[in-house]
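Throughout, read-outs are computed from the coordinates displayed, never taken from laboratory work. None of these values were measured; they are calculated from a predicted model. Heads up, the Cβs are rebuilt from the backbone with ideal geometry, glycines too, and the neighbour counts pull from every protein chain shown.
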Amino acid sequence: MKLPDELLTIAVTGLNAIDSPGPGIAVIRSLREGLQRPLRIIGLAYETLEPGIYMHEVVDKTYQIPYPAAGTQALLNRLAYIHGKEKIDLLIPNFDAELPNFMKLAPVLQSMGIASFLPDTDMFEARDKVNLYSFGKQHDLLVPRDRIIHQVSGLHECGELFGYPLVVKGKFYDAVVAYTAEQAEKAFYKISAKWGLPIIVQEFINGTEVNIAVLGDGKGNMISAIPMRKLYITDKGKAWSGITLQDDKLLELAASFVKATRWKGGCELEIMRTAKDECYIMEINPRFPAWIYLTAAAGQNQPAALARMALGEVVKPFTGYEAGKIFVRYSWDHITDVNAFHQISGQGEL
């Protein structure tokens with residue numbers, strides 16, 4: 001383990017700080033603020049126009065990595081090259097679709113000296129959208145009924161079973177509330193074209209949406225949980241502002257999830273709270289949300305705590321946080337030079 005005054009090199013994915021942002025920039029802000037030691041941040045990017053690549057006050061250097069579809073060997077080869085140049089101490093991936101490759105490589109990366117703090121395959125699959133209803137029944141957690149379909153004809157049965165509106169979801173991202181059969185069919189084709197099959201069709205639950213950022217230690221203990229209610233939502237359903245809540249029922253729900261799964265790492269629970277005060281788990285995202293910096297502002301810096309656990313430190317559960325903390329996301333035109341774009345495009349690093 002490195003001494004507190006030694007340089008720590010951390011690689012982070014999810015640099016796409018766009019209207020539907022990745023968590024990477026918020027994770028980096030939290031690390032720089034919370035670890036209070038010399039840091040070198042290595043960005044890992046898929047696209048050449050991910051804004052974080054060019055934010056040199058946030059990211060020290062960026063390397064392109066292969067898309068998840070390229071497989072584990074291609075990723076390992078690229079990471080070995082980057083590690084040879086940068087000597088990475090810790091790697092924090094932040095996208096759902098990339099996690100299976102990083103989870104498979106975790107033991108190999110550990111042997112190379114690259115730490116991580118990720119769920120195992122069983123944990124990851126248990127909370128997957130296609131398994132979520134069964135998971136809820138197994139652990140006495142409220143989850144909307146759903147159906148997994150591979151053909152558009154399956155929407156007819158879902159409509160009869162759940163009625164309208166219903167929710168059409170992609171296996172990785174995207175969800176559309178469909179109020180008619182025609183809207184459901186349109187959503188099926190649009191989402192399947194982007195993310196592939198299967199499509200998840202879920203019972204619509206009417207209520208107030210609340211999100212919980214959660215950090216588990218992999219042993220069944222919840223290190224942190226911060227509930228947040230969206231105050232402003234974009235047309236893509238993303239939180240553009242939100243406020244921290246003090247709510248024991250939500251914290252108990254998060255603790256039950258962590259205990260049931262022995263979750264290791266960060267995750268986000270998407271909750272729908274009904275007029276009857278029922279809390280349905282709508283989705284479980286297996287990584288930090290894009291609003292994760294709010295946990296640092298509220299007094300429970302989850303990315304910094306994860307980094308400490310990944311590096312072998314014992315981290316005690318947080319006991320309090322500040323309710324009423326609000327984040328407001330904003331757009332900012334970041335100016336760079338075409339030579340920087342040519343370098344990341346041509347050489348794969350900047």
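Miscellaneous remarks
- Based on Cα contacts under 8 Å between residues 6+ apart, the chain shows a relative contact order of 18 percent.
- Positive dipole terminus of the chain, leading residue within Ile149, Gly136, Tyr232 (C-beta point charges): Gly136
- In nm, spacing of pseudo-spin labels at Ala181 and Asn339 (7 Å Cα→C-beta vector): 6.2 nm
- Lys, Arg +1 and Asp, Glu -1 on Cβ, resulting dipole of the chain about Cα centre, debye, nearest 20: 440 debye
- Length available on full extension from Ser20 to Gln347: 0.36 nm per residue minus the Cα-Cα distance, which gives 115.0 nm.
- Positive-end residue of Ala45, Asn94, Trp263, charge dipole of the chain with Cβ unit charges: Trp263
- For Glu278 and Gln138, the FRET efficiency from 1/(1 + (r/R0)^6), where r spans their Cβ atoms and R0 equals 22 Å, is about 0.75.
- The value given for the chain is a Kirkwood hydrodynamic radius of 21.0 Å, derived from the mean inverse Cα-Cα separation.
- Charge dipole of the chain about the Cα centre (unit charges at C-beta), most positive-ward option of Gly34, Ile205, Tyr179: Gly34
- Spacing of the modelled spin labels on Lys259 and Asp122, each 7 Å from Cα toward Cβ, amounts to 1.9 nm.
- Mean separation of Cα pairs under 8 Å and 6 or more residues apart, divided by the residue count, gives the range 146-203 a relative contact order of 47 percent.
- Using alpha-carbon coordinates, inclination of helix 99-111 to the longest axis of the chain, degrees: 30 degrees
- Distance from the alpha carbon centroid of the range 51-127 to that of the range 317-350 works out to 18 angstrom.
- Pairs from the table (Lys236/Lys259; Lys137/Lys186; Lys137/Lys169; Lys171/Lys236) lying more than 23 angstrom apart at Cα are Lys236/Lys259; Lys137/Lys186.
- Share, in percent, of DSSP beta bridges within the chain that are antiparallel, nearest 5: 75 percent
- Spacing of the two label points (7 Å from each Cα toward its C-beta) at Leu39 and Val130, in nm: 3.6 nm
- The lysines whose alpha-carbon is closer than 22 Å to the alpha-carbon of Lys87, local same-chain residues fewer than 8 away aside, are Lys2, Lys61, Lys104.
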